[in-house]
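What follows is a set of notes on a single structure, which appears directly below.
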Amino acid sequence: ALPIYSFPGFLCGVLMILRCNAVRFFGFDILLLSTYFILFTIVSSCLFQSILVVSSLMFFDKTSALIVLFLVISFITYSMIVQTLQRPKNLEYNNREDIEKATIADFFTNVDSVKYFGKEKNAKQKYENTAKDSSNALLKSWYYYTWLDVGQTAIIAIGTFFLMYFPIMNFLDNK
């Protein structure tokens, strides 16, 4: 048994409490599985990456470390903003695609009725309009990736410029 005062012992205690109160779904403890995922995948990955970033920033001077920190924060913030702006267009595309799939299912279900009443051209035109709406919605969603790519490239270029500029100026000033 692990001592209660150690961190792994504390985590085991937390997991045991969660396991006792877990929701069962098809024989699996959903809360336990999600806790394992969060604990051993997300937390451990973030902890390991934080250790690597902090240890690599120790080799920079203060201005370079601040530039790298600002570069990382602005890159992540810009990416999140563009993806948040893209979300409504992506939802619109999903809705258009659902309508297109429903139209196809309707045509295949009623293929005999369409042929009997001679409405093949009407059904074809209706599907073409639905498919065109779906593809236009997809293109509107994809346009955001252009802005995402341009912005991320600009952020990295500006950050790299300043990351090289300040050490060169310090070197030229004999610091």
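The values are calculated or read from the model by the stated rules, or taken from the named source; none is laboratory data. Worth saying up front: this structure is predicted, and the values here are computed from it rather than measured. Virtual Cβ from ideal backbone geometry, glycine too; neighbours counted across all protein chains shown. Ligands, DNA and RNA are excluded from the accessible area calculation, which covers all protein heavy atoms including side chains. Shrake-Rupley method; radii C 1.70, N 1.55, O 1.52, S 1.80 Å.
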Residues of region 113-170 being within 15 Å of residue 90 (Cα to Cα) and among the acidic types (Asp, Glu), which ones? 133
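Here's the yes/no breakdown for (1) aliphatic (A, V, I, L, M); (2) open to solvent by 60 Å² or more (accessible area, probe 1.4 Å):
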| site | (1), (2) |
| --- | --- |
| 85 | yes, yes |
| 92 | no, no |
| 98 | no, yes |
| 105 | yes, no |
| 112 | no, yes |
| 120 | no, yes |
| 123 | yes, no |
Assess whether residue 55 counts as being loosely packed, with under 12 Cβ neighbours inside 10 Å and at pLDDT 60 or above. yes
Could you list, ordered by first residue, the pairs with Cβ atoms under 7 Å in which the first is in region 64-87 and without any contact (Cβ under 8 Å) to a residue 40 or more places away in the chain and the second is assigned to a helix (DSSP H, G or I), at least 6 apart or interchain? 65/57
Is it fair to say residue 165 is of a type outside the set (A, V, I, L, M, F, W, C), open to solvent by 80 Å² or more (accessible area, probe 1.4 Å), out of contact with any strand residue (DSSP E or B) (no Cβ under 7 Å at 6 or more places or on another chain) and modelled with pLDDT of 85 or more? yes
